Amino acid sequence: MAKLSILEYPDPRLRAVARPVTAFDAHLRRLIGDMAETMYAAPGVGLAATQVDQQIQLIVIDVSETKDQLRVFVNPQITWTSDETVVCEEGCLSVPGIYDEVRRPARVRVRAQDAQGEAFELDCEALLAVCVQHEIDHLTGKVFVDYLSSLKQDRIRTKMKKRKTREAA
Ligand code: K1U
Ligand code: ZN
């Protein structure tokens, strides 16, 4: 397995719309392993293929305390959302150091395939529901800062530019 590099906002490649996965092969299994290693090392609780410059509908999530409950969602689709919403402080490995509140449905039902192509449905709540929605957004080219005011988005872009300049020095 290998650690992959994570694209940073406002990289235009984060705006790509991911295509469905059709081949459940060794290449896919390797990418899943590499994405899991990258997520655990960051550390994070989720990662979308878009963030590692792979434009396919694949996300990995582990919201467990023990970091031993990896969930793999291939071609995920939200099939139901609760009317009840919650505000959660979100972060993103593609927007390091930035955390802000986003309102989303409290519970969602996700239909997806596993690494072998087997279809499943999962009811999600709490952090798992937030994380699934955040990661599926990545697959459509959406980043959590898009939910914030344009003033906040401008400030975040400035911070990210300064960070890049600092890192290059
Ligand atoms: O998509 C990503 O970049 C992953 C992101 C997922 C996420 C976290 C919180 C709310 C919504 C979505 C992260 O993992 S950011 C890092 C983080 O929040 C975290 C890191 C270690 C332990 C717990 C949380
Ligand atoms: Zn993210």
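Rule-based calculations on the coordinates, nothing more; no lab input. Note that this is a predicted model, so its numbers are computed, not measured. Glycine gets a Cβ as well: all are built from the backbone with ideal geometry, and neighbour counts include every protein chain shown.
Worth pointing out:
- Were the residues from Glu84 through Gln153 laid out at 0.36 nm apart, the gain over their Cα-Cα distance would be 22.2 nm.
- Report summary: the helix-based calculation at 222 nm, which adds -39500 (n - 2.57) for every DSSP H run with n ≥ 4 and divides by the residues of the chain, gives -9500 deg cm²/dmol.
- Residue-wise HN-Hα coupling along the stretch 83-91, computed from phi with Karplus coefficients 6.51, -1.76, 1.60 (Hz; x: Gly, Pro): 6, 5, 10, 9, 9, 10, 6, 10, x
- Exposure proxy order (Cβ contacts within 10 Å, fewest to most) of Leu122, Leu31: Leu122, Leu31
- The Cα-based radius of gyration of the chain, divided by its Kirkwood radius, gives an Rg/Rh of 0.96.
- Ranked packing of 157-169, 109-121, most packed first, by mean Cβ within 10 Å: 109-121, 157-169
- Interchain or long-range residues, amide H under 5 Å from Ile98's placed H: Cys92
- Hydrodynamic radius by Kirkwood, which averages 1/r over all alpha carbon pairs of the stretch 5-74, in angstrom: 12.5
- Relative contact order %, the chain, counting alpha carbon pairs below 8 Å whose residues are six or more apart: 23
- In terms of surrounding Cβ atoms within a 10 Å radius of their Cβ, His138, His27 rank from fewest to most as His27, His138.
- A straight line joining the Cα centroids of the stretch 31-51 and the stretch 109-137 runs 15 Å.
- Dipole axis of the chain (+1 Lys, Arg; -1 Asp, Glu on Cβ), positive-most option in Ala41, Val63, Ser149: Ser149
- Sequence ranges 62-68, 89-95, ranked by mean other-Cβ count within 10 angstrom, highest first: 89-95, 62-68
- Translational diffusion of the stretch 120-169, estimated by Stokes-Einstein from the Kirkwood radius over alpha carbon pairs at 20 °C in a medium of 1.002 mPa s, is 163 µm² per second.
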